Amino acid sequence: MNFFDALRTCSSALSAQRVRMNVISSNLANISTTRTPQGGPYRRKDVVFAAHPNSSFQNMLRSQTARNLSGVKVAGVVSDPSPLQLKYDPQHPDANEEGYVAMPNINLMEEMVNMISATRSYEASVAAINATKSMALKALEIGR
């Protein structure tokens, strides 16, 4: 594995976690949205990650010794199919005949845990980039 492969893998992780953080922020911003352009309350979104193999010809030749290293990519953003929360509020303009309002299926604590997890993953990728840069500089110093 060369330094550029390590940096490419780490940069894919940074990009994927940035998308995840944007989706979490969107969920938190819409925690009380009861009416969307599509109709009905906002549905929680989640990011799906997939392995992204380094598929260049050179990497395929090296795969016999290096075990085909890969990065990560965002495979998609999906809506959470869990049921909506019903809240009793007969004064709300979106209340049904019984006085219940369909609220988004967003759990604040779950979103905060996901945000902390995304932050930690981002920090780990930055640390890996810094370690790679440090190893590259040490290799240049040795080569002098």
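Annotations
- Where a residue in segment 125-144 is at pLDDT 90 or above and its partner, wherever it lies, is exposed (fewer than 12 other Cβ atoms within 10 Å of the Cβ) and of a type in the set (S, T, N, Q), with Cβ under 7 Å and at least six apart: none
- Test for I106: is it part of a loop (DSSP other than H, G, I, E, B), hydrophobic (A, V, I, L, M, F, W, C), under 19 Å from the mean Cα position of the chain (by Cα) and surrounded by 11 or more Cβ atoms within 10 Å (Cβ to Cβ): yes
- Odd one out for M115, checked against (1) surrounded by fewer than 14 Cβ atoms within 10 Å (Cβ to Cβ); (2) closer than 23 Å to A50 by Cα: (1)
- Residue match in segment 55-71 (condition: modelled with pLDDT under 90, part of a strand (DSSP E or B) and touching a strand residue (DSSP E or B) at 6+ places or on another chain (Cβ under 6 Å)): yes
- Scanning segment 1-52 for residues that are out of contact with any helix residue (DSSP H, G or I) (no Cβ under 7 Å at 6 or more places or on another chain), modelled with pLDDT under 90 and surrounded by 14 or more Cβ atoms within 10 Å (Cβ to Cβ) gives D5, R8, T9.
- Whenever a residue of segment 93-114 is under 13 Å from L28 (Cβ atoms), its partners that are among the charged types (D, E, K, R) and surrounded by 13 or more Cβ atoms within 10 Å (Cβ to Cβ), lying with C-beta atoms within less than 8 angstrom and at least six residues away or across chains, give the pairs P104/R43; P104/R44; I106/R44; N114/R20.
- Among the residues of segment 120-131, none qualifies, meaning not one is of a type in the set (K, R) and part of a loop (DSSP other than H, G, I, E, B).
The values are calculated or read from the model by the stated rules, or taken from the named source; none is laboratory data. The shown structure was predicted, so the numbers you read here are calculated from the model rather than taken from an experiment. So basically every Cβ, Gly included, is an ideal-geometry build from the backbone, and we count neighbours across all protein chains shown.
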